[in-house]
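Working notes, beginning with the structure itself.
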Amino acid sequence: MADTPSDLDALVAALWPQAGGIDPQRMAELVGEVRSIVQAGRDAARGNAFDDEPSRFAATLHRLADPGEAGHD
Amino acid sequence: MTDTAALLGLDLCEAARRIRTGQVSSETLTRLALQRARAVQPRVNCFIAIDEAQALEDARAADRALARGDAAGALHGVPLAHKDMFYRAGRITTGGSKLLADHRPTVTATVAQRLQDAGAIWLGALHMAEFAANPIGQNDSFGDCRNAWDPARISGGSSSGSAVAVALRACYGSLGSDTGGSIRLPAALNGIVGLRPTYGRVSRHGILPRTWSLDTVGPMARTARDCARLLGVIAGADPQDATASALPVPDYERQLTGDIDGLRIAVPVNYFYDDLAPEVRQGLEDSLRALAGLGARIVEVPVPDPARLYQLGNLISQVEAAAIHADLVQRAGDAYPLVLKTRMQSGAYVPAVDYLGALSARARLAQEFAGAVFERADVLHVPVIGMVAPTREAATPAVSSEVFPLLARTARCTRPFSTLGMPALSVPAGFTPQGLPVAFQLVGRPFSEGLLLRAADAYQRVTDWHARAPIIPTT
């Protein structure tokens, strides 16, 4: 199918025949591919590091809200 | 139509109105809902437990309270049932797993308390994918919950029983939870409305967690108005959940004006239409025509790479699930479901640096997405799922590893918005020639639930998909 996301599930599928006991070495190699996924997501995140602190996600959602729709007083 | 069918065919808001005005008692509706629940259970397995004695006692108490003139809440006397993951102190909550068959929480979920305070009746515990962990709805622990329109097909998950019970009129509404699509997918596959609210709009205190960063609690019901009623009851700040927003809760029902003239609806030019069954595409196009007929303006937009959002969301989900379930996996040993364990174990191998990298990317990705889409439109219109409900046989491949592509295909249109934390609403949009429901998804800016519900309500005023019911056994 078109651009179905390749992700952890796809990596696990590759390992399935041994799923009763995943080979940690093989898993570690494959999870290395995850880093490229994360890096792609972080390419835009090169500015203010504190704004990227995970708990500030909620603040971002509030900032992106439309005051007219969000129940602001 | 029999009286029973007519009363169970009422939507939630109308049922509440009739109870409040004394046209029908809570006990009558509760008895009918319990009767329906028992009748459909052998066919679709949508309940894990039916709490008949307690529900009837509570219904009679609701009727007595009304007779005394006690102030009625927004859900006074209305029979509801919920995914089996909302804690009520002292009562068993299984999370869809026999590993938790004796699990008696000592706290009550904030949302459960709010429903009770609003007067709702609790019929029982609804089926769910084990530990809310898959979008298909399979459950080896309690047996699969089956699709309301064709029991040979999957129900979707993980809020399987919620969607099926509402579709079959065994309750007037339900709460589900959504990590990567677990409200929206079963809602779509069973022909009801399901809302994943903005991350933080509804407290998660006292629910069985799947993940910390992605889980949301939301309403599932037959109409957008019913969802507005339920959301108005459960939303809002909670001292027991620091992630619950302090933003005031709007009067969602008052926002349902029926007017969407001039509303800008974005249709994506990339990703979402890449893998659609023709029947789903037809439903989407028809729904856009109906919305345009109501005065909405359709604009095409490119959306920032949803595949990346999917990947990050799944990574966060598996890491957090692995952490949340680590002790249970150890204790349960071989009794822990293998597919589930395998998926979660992948999360255990993700370096902390990468997990934090994924989390820290979310805020900027949300900004990027909002800039690209919501500067040009008010809401985004996309599929919920690109395929019609597969048969249970097709969802259980002979080679177990083949289940993973199916999982990815199922959630590819829902998980991206979970990563973004934005509200998303699944709305019934018709039926395939085989009589299976199709749906569209509306996505909005954070905290724009009222707008999404307004658009869906306007659509439901000119369509009748939500009023159609599956064939229901009479005994």
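The values are calculated or read from the model by the stated rules, or taken from the named source; none is laboratory data. As the structure is a computational prediction, the values presented were derived from the model and not from experiment. Because the Cβ atoms are built from the backbone with ideal geometry, glycine has one as well, and the counts that use them run over all protein chains shown. Protein only, heavy atoms only, side chains kept; ligands, DNA and RNA dropped before computing areas. Shrake-Rupley method; radii C 1.70, N 1.55, O 1.52, S 1.80 Å.
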Kindly indicate whether B:Leu436 is of a type outside the set (Lys, Arg), in contact with a Phe, Trp or Tyr (Cβ under 6 Å, 6 or more places away or on another chain), touching a residue at least 24 places away in the same chain (Cβ under 8 Å) and farther than 29 Å from B:Tyr252 by Cβ.
-> yes
Residues of region B:378-400 classified as crowded, with 18+ Cβ neighbours inside 10 Å, within 12 Å of chain A (Cβ to nearest Cβ) and over 17 Å from B:Ala187 (Cα atoms), total = 2
Quick check: anything in region B:343-351 surrounded by 15 or more Cβ atoms within 10 Å (Cβ to Cβ) and more than 13 Å from chain A (Cβ to nearest Cβ)?
-> no
Out of all the residues in region B:437-452, is one or more aromatic (Phe, Trp, Tyr), at the interface with chain A (Cβ under 10 Å from one of its Cβ atoms) and within 27 Å of B:Gly371 (Cβ to Cβ)?
-> yes
List, please: which pairs have Cβ atoms under 6 Å, are six or more places apart or on different chains, and start with a residue in region B:406-418 that is within 7 Å of chain A (Cβ to nearest Cβ) and end with one that is open to solvent by 10 Å² or more (accessible area, probe 1.4 Å) and not small (Gly, Ala, Ser)?
-> B:Ala408/A:Thr4
Would you call B:Phe417 in a loop (DSSP other than H, G, I, E, B), closer than 30 Å to B:Ala246 by Cα and either modelled with pLDDT of 95 or more or not polar (S, T, N, Q) (or both)?
-> no
Is there a residue in region B:49-56 that is crowded, with 20+ Cβ neighbours inside 10 Å, under 24 Å from B:Leu168 (Cβ atoms) and of a type outside the set (Val, Ile, Thr)?
-> yes
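The rows are residues; the columns are (1) in a strand (DSSP E or B); (2) within 12 Å of B:Arg196 (Cβ to Cβ); (3) open to solvent by 10 Å² or more (accessible area, probe 1.4 Å).
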position: B:Ser426; (1), (2), (3): yes, yes, no
position: B:Gly435; (1), (2), (3): no, no, yes
position: B:Phe440; (1), (2), (3): yes, no, no
position: B:Val443; (1), (2), (3): yes, yes, no
position: B:Gln460; (1), (2), (3): no, no, yes
position: B:His466; (1), (2), (3): no, no, yes
position: B:Ala469; (1), (2), (3): no, no, yes
position: B:Ile472; (1), (2), (3): no, no, yes
Exactly one of B:Pro423, B:Pro437, B:Pro433, B:Pro383 is under 16 Å from the mean Cα position of the chain (by Cα), closer than 30 Å to B:Ala39 by Cβ and either at pLDDT below 95 or not basic (Lys, Arg) (or both), and that one is B:Pro437
Can B:Ile92 be described as touching a residue at least 24 places away in the same chain (Cβ under 8 Å), open to solvent by 60 Å² or more (accessible area, probe 1.4 Å) and of a type in the set (Val, Ile, Thr)?
-> yes
Residue among B:Arg184, B:Arg169 that alone is touching a Phe, Trp or Tyr at 6+ places or on another chain (Cβ under 9 Å), open to solvent by less than 30 Å² (accessible area, probe 1.4 Å) and of a type in the set (Lys, Arg) = B:Arg184
Which residue out of B:Leu12, B:Leu8, B:Leu99, B:Leu29 is within 27 Å of B:Gly236 (Cα to Cα), of a type in the set (A, V, I, L, M, F, W, C) and buried (at least 18 other Cβ atoms within 10 Å of the Cβ)?
-> B:Leu12
With the condition kept exactly as written, say whether any residue in region B:61-72 is open to solvent by less than 50 Å² (accessible area, probe 1.4 Å) and part of a loop (DSSP other than H, G, I, E, B).
-> yes
Within region B:315-336, residues in contact (Cβ under 8 Å) with a residue 60 or more places away in the chain, in a helix (DSSP H, G or I) and more than 16 Å from B:Leu359 (Cα to Cα) come out as B:Ile324, B:His325, B:Leu328, B:Ala332, B:Ala335
Restricted to region B:352-376 and to residues being crowded, with 21+ Cβ neighbours inside 10 Å and more than 7 Å from chain A (Cβ to nearest Cβ), the residue modelled with the lowest pLDDT is B:Tyr355
Can you work out which of the residues in region B:269-295 that are more than 14 Å from chain A (Cβ to nearest Cβ) and part of a loop (DSSP other than H, G, I, E, B) is surrounded by the fewest Cβ atoms within 10 Å (Cβ to Cβ)?
-> B:Gly295
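Table: residues versus (1) assigned to a helix (DSSP H, G or I); (2) farther than 28 Å from B:Thr410 by Cα.
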residue: B:Gly77; (1), (2): no, yes
residue: B:Arg88; (1), (2): no, yes
residue: B:Thr94; (1), (2): no, no
residue: B:His103; (1), (2): no, yes
residue: B:Val107; (1), (2): no, yes
residue: B:Leu115; (1), (2): yes, yes
So B:Val303, is it closer than 20 Å to B:Pro383 by Cβ, out of contact with any Lys or Arg (no Cβ under 8 Å at 6 or more places or on another chain), among the β-branched types (Val, Ile, Thr) and in a loop (DSSP other than H, G, I, E, B) = yes
